[in-house]
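The values are calculated or read from the model by the stated rules, or taken from the named source; none is laboratory data. Just so it is clear, the structure is predicted and the values come from calculations on it, not from any experiment. Cβ placement follows ideal geometry from the backbone for every residue including glycine, while neighbour counts extend to all protein chains displayed. Ligands, DNA and RNA are stripped out before the accessible areas are found, and what is left, the full protein with its side chains, is counted by its heavy atoms. Shrake-Rupley method; radii C 1.70, N 1.55, O 1.52, S 1.80 Å.
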Amino acid sequence: MARDVSDTTPITSRNMLVEWLEAGSKTSGAPLLIGTEHEKIPFYAADDSPVPYEGAGGRGGVRALLEGLRDTLGWAPILDRDTLIGLYQSDGGGAISLEPGGQFELSGAPLADVHATHDELDAHFAALAPVARALGVRFLDLGASPKWSRAETPTMPKQRYAIMQAYMPKVGALGLDMMFRTATVQVNIDFVDEADMVQKTRVGLALQPLITAMFANSPFLDGKPTGRLSQRSYIWLDTDPDRTGMLPFAFEKGFGFERYVDYALDVPMYFVKRGDVYHDVAGASFRDLMEGRLQQLPGERATMSDWANHLSTIFPEVRLKTYLEMRGADAGPRAHFTALPALCAGLFYDSAALDQARELTKGWSAAARQALRADVPGLALDARIEGRSLRDVGRDVLALAKGGLRQRARLDAKGRDESVFLAPLEAIIEDGRTLAQRRLDAYYGGWGQSIDAAFTDCVLPQ
């Protein structure tokens, strides 16, 4: 989330929260759009060291990256008090933001198709490359920082992150690793009404472990293999049980906007923002804020901004706002940044593909889904559910997505539909080996068991 929402409307009832979610429904025939967000970990090419906000050793840092892009693109600044922490297109397009450890994120605009996503990525990297090159900065294409310890990882100057950093160790062993040492690519999709939201949420949750498996790309941490293929996904298992997970209630009868609101109201808060100040209320109840009885801010009552900000601090595998976020994938190479939106557009924006995906997954029990979620960080495509490997499930799902994309028939200038962007996933399913496994082969082979080679071989092109 690049910017906090600004809406000071007082919340006077629970129903307002339900209506806020429901307002995302595209019931008027508006086009269903797709947004892609991706994070990348910067490092100094000269010595493979992390990039602090203010720079190091006379070299410009993350702030200089933002300033260079601001001057290149003309995007408006996002400030935390007086500190530059991001950029945004004032016409409602994309934005650039910072994750806690300096992970550099493009929050893409809502776009009509994956061809437009591809063009957006080209434009982003074309603008970023000369700025980064001048600073001696490059970007890893891994889903977790492979070498630096937590202590060596820089901290970005954002008030909300300081609050989260203090709270995370109270609720999970790996929350700080999540904040500072992981990177993801995620896709945001629309829904047309409540029933459509329910269907997409259920399919999305059931298939997030498959997405994790296909995009597994974080086998290293602290300079060595972790024994897992998606360390990023494993980290989420011990981050904060109150705000993460597979949302088993989403598969229960009666699930809808109201049930999600009740879930979100039970998630402890991190902060309340008033003016330029983030007040630390970590662990407090949003219900208490609605009633004006928050101990840390007596008499202060919730606004719609507070609700939007609170929803942005909940991290399930599929997150509901006024759209749905698919959150299971590791960051990776450029081709993965378009493969995920292609997969999601094919599955979720073709009614036949969506119905068949639901049919494929609806027999999976809550226990089986949870066991799969626990197994997939280590086993990836070899994990099994209801007697089938994820590789076999992946074949079926890719066929559905490909059919959905061909039915959409969104063509580029060369007459190609969006299914061309599924090629990296088709190759992974065909080979049966994830990108993480191929990089482990390199580690034990040509890299000579030195993680330093990752800073040459696992780098986004500039």
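Only one of 326, 290 is under 19 Å from the mean Cα position of the chain (by Cα) and in contact (Cβ under 8 Å) with a residue 40 or more places away in the chain. Can you tell me which? Exactly one of 326, 290 is under 19 Å from the mean Cα position of the chain (by Cα) and in contact (Cβ under 8 Å) with a residue 40 or more places away in the chain, namely 326.
The residues of the range 172-191 that are buried (at least 17 other Cβ atoms within 10 Å of the Cβ) and either within 16 Å of residue 51 (Cβ to Cβ) or out of contact with any strand residue (DSSP E or B) (no Cβ under 7 Å at 6 or more places or on another chain) (or both), listed by number, are 172, 174, 175, 176, 177, 178, 179, 180, 181, 183, 190. Scanning the range 122-155 for residues that are assigned to a helix (DSSP H, G or I), in contact with a strand residue (DSSP E or B) (Cβ under 8 Å, 6 or more places away or on another chain) and either basic (Lys, Arg) or under 27 Å from residue 212 (Cα atoms) (or both) turns up just one, 124. Check the range 126-139 and report whether any residue there is farther than 26 Å from residue 324 by Cα, surrounded by fewer than 21 Cβ atoms within 10 Å (Cβ to Cβ) and among the basic types (Lys, Arg). For the range 126-139, residues farther than 26 Å from residue 324 by Cα, surrounded by fewer than 21 Cβ atoms within 10 Å (Cβ to Cβ) and among the basic types (Lys, Arg): present. Strands (runs of 3 or more DSSP E) fully within the range 1-93 that include at least 1 residues being at pLDDT 95 or above and surrounded by fewer than 17 Cβ atoms within 10 Å (Cβ to Cβ): 76-80, 83-88.
So that you can scan it fast, the table gives a plain yes or no per residue for (1) modelled with pLDDT of 95 or more; (2) closer than 18 Å to residue 116 by Cα; (3) open to solvent by less than 20 Å² (accessible area, probe 1.4 Å):
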| position | (1), (2), (3) |
| --- | --- |
| 321 | yes, no, yes |
| 334 | yes, yes, no |
| 340 | yes, yes, yes |
| 344 | yes, yes, yes |
| 351 | yes, no, no |
| 358 | yes, no, no |
| 370 | yes, no, no |
| 375 | yes, no, no |
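The residues of the range 258-282 that are open to solvent by less than 60 Å² (accessible area, probe 1.4 Å) and in a helix (DSSP H, G or I), listed by number, are 260, 261, 262, 263, 264, 265.
Helices (runs of 4 or more DSSP H) fully within the range 378-455 that include at least 2 residues being more than 24 Å from the chain's Cα centre (by Cα) and closer than 30 Å to residue 224 by Cα: 423-431, 435-444.
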